Amino acid sequence: MTERLKNYIGGKWKESKSEEFKEVNNPATDKVIAEVPLSTENEVDEAVNVAKKAFEKWRNTSVTRRTEPLFKLVQVLKDNKENVARILTKEHGKTYGSALGEMDRTIQMVEGACATLESNKGEFTENISKDIDEYSVRRPLGVFAHIAPFNFPAMVPWWYAPWAIAVGDTFILKASEQCPMTQQKIFELIDDELDLPRGVINLINGGKDVGEMLISNPDIEGITFVGSTNVGKKIYSEAAKNGKRVQCQTGANNFLVVMPDANLEKIMPNMMNSCFGNAGQRCLAGSIVLGVGDIYETLEKTFIRYAKDQKIGYGLDEQMDMGPVVSKKSLKKLHSDIETGIKEGGKLLLDGRNVKVEDHPDGYFLGPTVFNAKKGMKIFDEEIFGPVVCMDKVDTLEDVITMINDDRYGNAATIYTEKGGAAREFRNKINIGNVGVNIGVVAPMAYYPFGGMKDSFFGDLHGQSKDIVNFFADRQIVIRRWMEK
Ligand code: NAD
């Protein structure tokens, strides 16, 4: 029988009473591998209530005790990395190598949050006036919820959860309904191995409706969201209207810029990983490749040669560079985007639609697809979120900078060059949150915030590191004097 996923509420696994379940398919085989509940309002309320109750004690638990479970979790995740990575590949489609990489990143996030003891300290000023001192006390705020995207089912929720717990808040995760199994496994490990008081961390399954219930629940202090721009924009205003702290990391359309001096053979593996790794379903994936000046013609040829060589198949087959996209719906949308690209005059240089994976004829596979297209076309300007790339020639670095700054998104951009001056000019002038120099996937480490500007981010404090500590904690200011010596 197909596994029915459960919610983890108040330290207990609970079967949902919902009448609505969504099938989770293995994208490489189209087989149903689980059913995820679209939880009810009562279940959401129950999760919020237990998290609220747990907060009263957790906020006054010693800071070292609050971080202890995170040190343990690092080891537990390391010990179970392969097992979780296999589940991740089965539900998402990414290659096993990528899934292991994602697990490494997840572990690094938890390690990063172990330093919250240091980053969450208050300040003290003696003698702001005679015999008067002022200090700030950092305080947790209450219950926070995270609404997660499908594309990094293991890692993204852990951009937030470990810091929230360490600061003294309590946490509710709504996993992506498309890929909910990985967090189910991680929460099983938490339940089996960690000594966390009931209700400090909770998992509630569901889709848009559960997301909306969390945003409108008055007992939730804040929301962190990662997902598409349209949804993030709406959540940002709704949650703020409801008086909550909110930050939303959203969609992207990332530029890879190749300067005339770049060594094409050396940079190609990095570019392939950026554009086609995770089947292009990364918010940091390269999707627009620009060649500056005369290098363009050779760049186009070399890029296509390498793209044709990408091995596509079941992610658990370790030979593969690329797996399928996440769903039949996504594959259909990608086909339609490609059609639109052709209709609007884009030149299809490489068509991935006819790719065949012999052992898995029902999988949602799309091979690397490359257009020569122009700004102003939908295929060029919108986030496509698949292994589809647009290439174009640009005359100068100044033109590149103007084009990037005119783009609605501001998540990532990379320059390929060995010329420090050009790289500096590029970095200095572009309004982009994560900038790469000869690095095509600019994924910030746990001890830096995750960048993002323009329509790629709504809020002021970003995910990860000190930023998220500040998001999860408030400051109480105290000014004091003693009347007697
Ligand atoms: P999505 O916006 O469709 O869904 C994200 C989450 O929001 C899901 O859990 C979904 O159930 C929930 N949701 C959907 N509609 C909602 C609503 N109206 N109210 C409340 N919750 C709602 O995104 P996705 O397809 O799962 O993920 C892909 C997107 O995420 C891409 O656009 C990608 O660029 C973006 N992303 C951004 C970053 C970043 O750091 N900037 C990182 C990863 C992914």
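The values are calculated or read from the model by the stated rules, or taken from the named source; none is laboratory data. Not measured: the values here are computed from a predicted model. Note that we place each Cβ from the backbone using ideal geometry, even for glycine, and neighbour counts take in every protein chain shown. Protein only, heavy atoms only, side chains kept; ligands, DNA and RNA dropped before computing areas. Shrake-Rupley method; radii C 1.70, N 1.55, O 1.52, S 1.80 Å.
The numbered conditions (1) in contact with a Ser or Thr (Cβ under 8 Å, 6 or more places away or on another chain); (2) part of a helix (DSSP H, G or I); (3) under 18 Å from Ile172 (Cβ atoms) are all true for Val44 except (1).
Select from the stretch 193-224 the residues that are closer than 22 Å to Val74 by Cα and open to solvent by 40 Å² or more (accessible area, probe 1.4 Å) and list them in ascending order. Lay out the reasoning, then the answer.
We begin by selecting, within the stretch 193-224, every residue closer than 22 Å to Val74 by Cα; these are 193-203.
Residues satisfying the conditions are Glu193, Asp195, Pro197, Arg198.
Assigned by TED's automatic domain parsing to the domain that holds Cys179, more than 30 Å from Gly367 (Cβ to Cβ) and without any contact (Cβ under 8 Å) to a residue 40 or more places away in the chain, is that true of Asn49?
Working: assigned by TED's automatic domain parsing to the domain that holds Cys179: yes; more than 30 Å from Gly367 (Cβ to Cβ): yes; without any contact (Cβ under 8 Å) to a residue 40 or more places away in the chain: no.
Answer is no for this residue.
Scan the stretch 372-398 residue by residue and report those that are among the aromatic types (Phe, Trp, Tyr) and buried (at least 24 other Cβ atoms within 10 Å of the Cβ).
At the first step, the residues of the stretch 372-398 found to be among the aromatic types (Phe, Trp, Tyr) are 380, 385.
Phe385, the sole residue that qualifies.
Restricting the stretch 407-451 to residues that are in contact (Cβ under 8 Å) with a residue 24 or more places away in the chain, farther than 21 Å from Cys275 by Cα and not assigned by TED's automatic domain parsing to the domain that holds Val289, the residue that is farthest from the ligand (Cβ to nearest atom) is Tyr447. Using beta carbons and a limit of 6 Å, which pairs, at least six apart or on different chains, have the first residue in the stretch 11-38 and free of Cβ contacts under 8 Å to residues at least 40 places away in the same chain and open to solvent by less than 60 Å² (accessible area, probe 1.4 Å) and the second one in a strand (DSSP E or B) and basic (Lys, Arg)? Within 6 Å, the pairs are Glu35/Arg4. Select from the stretch 144-192 the residues that are open to solvent by less than 20 Å² (accessible area, probe 1.4 Å) and aromatic (Phe, Trp, Tyr) and write down the one among them that is nearest to Glu20 (Cα to Cα). It comes out as Phe187. Could you list, in sequence order, the residues of the stretch 452-473 that are crowded, with 22+ Cβ neighbours inside 10 Å and within 22 Å of Ser274 (Cα to Cα)? Passing the criteria: Gly452, Ser456, Phe457, Gly463, Gln464.
Considering only residues that are in contact with a Phe, Trp or Tyr (Cβ under 7 Å, 6 or more places away or on another chain) and near the ligand (Cβ under 10 Å from one of its atoms), which ones fall in the stretch 166-217? Of everything in the stretch 166-217, those that are in contact with a Phe, Trp or Tyr (Cβ under 7 Å, 6 or more places away or on another chain) and near the ligand (Cβ under 10 Å from one of its atoms) turn out to be Ser176, Gln178, Cys179. Any chance the stretch 231-244 includes a residue that's open to solvent by 20 Å² or more (accessible area, probe 1.4 Å), hydrophobic (A, V, I, L, M, F, W, C), free of Cβ contacts under 8 Å to residues at least 24 places away in the same chain and more than 7 Å from the ligand (Cβ to nearest atom)? Yes, because at least one residue in the stretch 231-244 is open to solvent by 20 Å² or more (accessible area, probe 1.4 Å), hydrophobic (A, V, I, L, M, F, W, C), free of Cβ contacts under 8 Å to residues at least 24 places away in the same chain and more than 7 Å from the ligand (Cβ to nearest atom). How many residues are over 17 Å from Pro324 (Cα atoms) and among the hydrophobic types (A, V, I, L, M, F, W, C) when one looks only at the stretch 66-99? Residues in the stretch 66-99 being over 17 Å from Pro324 (Cα atoms) and among the hydrophobic types (A, V, I, L, M, F, W, C): 7 in total.
Residues in the stretch 41-96 that are open to solvent by 60 Å² or more (accessible area, probe 1.4 Å) and of a type in the set (Phe, Trp, Tyr): Phe71 only. Scan the stretch 256-271 and give yes if some residue there is within 14 Å of the ligand (Cβ to nearest atom) and touching a residue at least 12 places away in the same chain (Cβ under 8 Å), otherwise no. No, that holds for no residue.
Here is a yes/no grid of residues against (1) of a type in the set (A, V, I, L, M); (2) outside the structural domain of Val326 (by TED's automatic domain parsing); (3) within 21 Å of Arg245 (Cβ to Cβ):
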residue: Val156; (1), (2), (3): yes, yes, yes
residue: Asp169; (1), (2), (3): no, yes, yes
residue: Gln184; (1), (2), (3): no, yes, no
residue: Glu193; (1), (2), (3): no, yes, no
residue: Arg198; (1), (2), (3): no, yes, no
residue: Ile204; (1), (2), (3): yes, yes, yes
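Of note, Glu111 does not satisfy the criterion of being within 16 Å of the ligand (Cβ to nearest atom), out of contact with any strand residue (DSSP E or B) (no Cβ under 6 Å at 6 or more places or on another chain) and among the acidic types (Asp, Glu).
Kindly establish whether Val257 is touching a Leu at 6+ places or on another chain (Cβ under 6 Å) and more than 17 Å from Val156 (Cα to Cα). Considered against the rule, which asks whether it is touching a Leu at 6+ places or on another chain (Cβ under 6 Å) and more than 17 Å from Val156 (Cα to Cα), Val257 comes out as yes. Looking across the stretch 431-451, just one residue is surrounded by 23 or more Cβ atoms within 10 Å (Cβ to Cβ) and aromatic (Phe, Trp, Tyr), and that is Phe450.
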